[in-house]
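Participant: Below is the structure I would like to discuss, written out as structure tokens.
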Amino acid sequence: MDAIEITADRVPGRKDKAMDGRFLGSVEKTFQVLSAFNAKRKPLSLTEVVRLSGIEKSAAQRVLYTLRALGYLRQAEATRLYSLSARMLEFGASYIASSRLHEIAGPILEAVNASCEETVNLTEREGEDVVYVLRYPSRHVVSVDLSTGSRLPIFCTAPGRAILANLPEEEARRILAASDLRSHTPNTKTDPDEILEACARVRTHGYSLSNQEAFIGDISVSAPVFGEDGAVVAAINIAVPWPRWSVERVEAELAPVVVGAAQAVSKALGQG
């Protein structure tokens, strides 16, 4: 699956915000540059930053210089490539530390991981994607090795559809209309009506299952987490490799576990 590139035309409501006198275009350009590094996850040249961010070269140069001067970027003397510095970790650490959801979910996910010895994740929605915000890796060999902060499309992932299924239908359709509904594997569902039918089954059974739709060899089962107001706020999923696991075995053994974990987190957040 290709990395997601965040350019100006992908920012939700960007045109409306730009017409507001309070909107700072320079700040937007800064985050477009940072998103370029997030998309590729490797050192970048100025040319690559310009291409990935979608901003003009002179603006990219100024943003890169400023971020380097502030200590948020490094530049290698030999290659002149830019990379994120360790200082960026301060924001992630502050985000995790200030989140009640993460505080509650962490011990529950850790216990599930210790019990099943498979990869357990907490994801949150960000636009048309889900972001992996907590991750407890498998003790066994896995087919897909994501990391905290990884973004995947909502429409073809188990946690994405667990969230999508519990949004108002109008909002779910808007997300699908804005998504790049392309096949990532031969198993990927790309028809909006077929995806919404899968979402209806999620509401019936309480969990979502993706059989190698995002990555070949990856089976994922997920359940939604609800906040105090009853709105879906996240999803928990367990990811396992095929052929060590079959879909039937996942549904029989792991679906009840992930549903129970999601219900426990939801209850602690104020539900049930």
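The values are calculated or read from the model by the stated rules, or taken from the named source; none is laboratory data. Since the model is a prediction, treat every value here as computed from it, not as a measurement. Neighbour counts run over all protein chains shown; Cβ positions are idealised from the backbone, glycine included. With ligands, DNA and RNA removed, areas are computed over all heavy atoms of the protein, side chains included. Shrake-Rupley method; radii C 1.70, N 1.55, O 1.52, S 1.80 Å.
Participant: Among (1) under 24 Å from residue 124 (Cα atoms); (2) buried (at least 17 other Cβ atoms within 10 Å of the Cβ); (3) in contact (Cβ under 8 Å) with a residue 40 or more places away in the chain, where does residue 39 come up short?
Facilitator: (3)
Participant: With respect to residue 98, determine if the residue is surrounded by fewer than 19 Cβ atoms within 10 Å (Cβ to Cβ), of a type outside the set (A, V, I, L, M) and more than 27 Å from residue 153 (Cα to Cα). Before you say what the answer is, go through the steps one by one.
Facilitator: Numbers: surrounded by fewer than 19 Cβ atoms within 10 Å (Cβ to Cβ): yes; of a type outside the set (A, V, I, L, M): yes; more than 27 Å from residue 153 (Cα to Cα): no.
The answer is no for residue 98.
Participant: Farther than 16 Å from residue 128 by Cβ, touching a Ser or Thr at 6+ places or on another chain (Cβ under 9 Å) and among the aliphatic types (A, V, I, L, M), is that true of residue 163?
Facilitator: For residue 163, the condition - farther than 16 Å from residue 128 by Cβ, touching a Ser or Thr at 6+ places or on another chain (Cβ under 9 Å) and among the aliphatic types (A, V, I, L, M) - is not met.
Participant: Can we say residue 26 is among the hydroxyl-bearing types (Ser, Thr, Tyr), at pLDDT below 95 and exposed (fewer than 15 other Cβ atoms within 10 Å of the Cβ)? Show your work before the answer.
Facilitator: On the way: among the hydroxyl-bearing types (Ser, Thr, Tyr): yes; at pLDDT below 95: yes; exposed (fewer than 15 other Cβ atoms within 10 Å of the Cβ): yes.
Yes, satisfied.
Participant: I've got another one for you. Restricting to segment 42-63, and then to whatever is surrounded by fewer than 19 Cβ atoms within 10 Å (Cβ to Cβ) and among the hydrophobic types (A, V, I, L, M, F, W, C), can you tell me which residue is farthest from the chain's Cα centre (by Cα)?
Facilitator: Within segment 42-63, the match that is farthest from the chain's Cα centre (by Cα) is 59.
Participant: Please give the number of the condition residue 233 fails out of (1) in contact with a Gly (Cβ under 8 Å, 6 or more places away or on another chain); (2) under 25 Å from residue 141 (Cα atoms).
Facilitator: (2)
Participant: Here is a further query. Among the listed residues 58, 94, which satisfies the condition of being out of contact with any Phe, Trp or Tyr (no Cβ under 6 Å at 6 or more places or on another chain), closer than 30 Å to residue 226 by Cα and either part of a helix (DSSP H, G or I) or charged (D, E, K, R) (or both)?
Facilitator: Going through 58, 94 in turn, the sole match is 94.
Participant: Inside segment 64-80, can you point out the residues that are under 30 Å from the mean Cα position of the chain (by Cα) and outside any helix (DSSP H, G or I)?
Facilitator: 71, 72, 73, 74, 75, 76
Participant: Select from segment 111-135 the residues that are assigned to a strand (DSSP E or B), modelled with pLDDT of 95 or more and open to solvent by 50 Å² or more (accessible area, probe 1.4 Å) and list them in ascending order.
Facilitator: 125 - this is the single residue of segment 111-135 that is assigned to a strand (DSSP E or B), modelled with pLDDT of 95 or more and open to solvent by 50 Å² or more (accessible area, probe 1.4 Å).
Participant: Could you list, ordered by first residue, the pairs with Cβ atoms under 8 Å in which the first is in segment 168-192 and over 15 Å from residue 152 (Cβ atoms) and modelled with pLDDT under 95 and the second is in a loop (DSSP other than H, G, I, E, B) and open to solvent by 70 Å² or more (accessible area, probe 1.4 Å), at least 6 apart or interchain?
Facilitator: No pair meets every condition.
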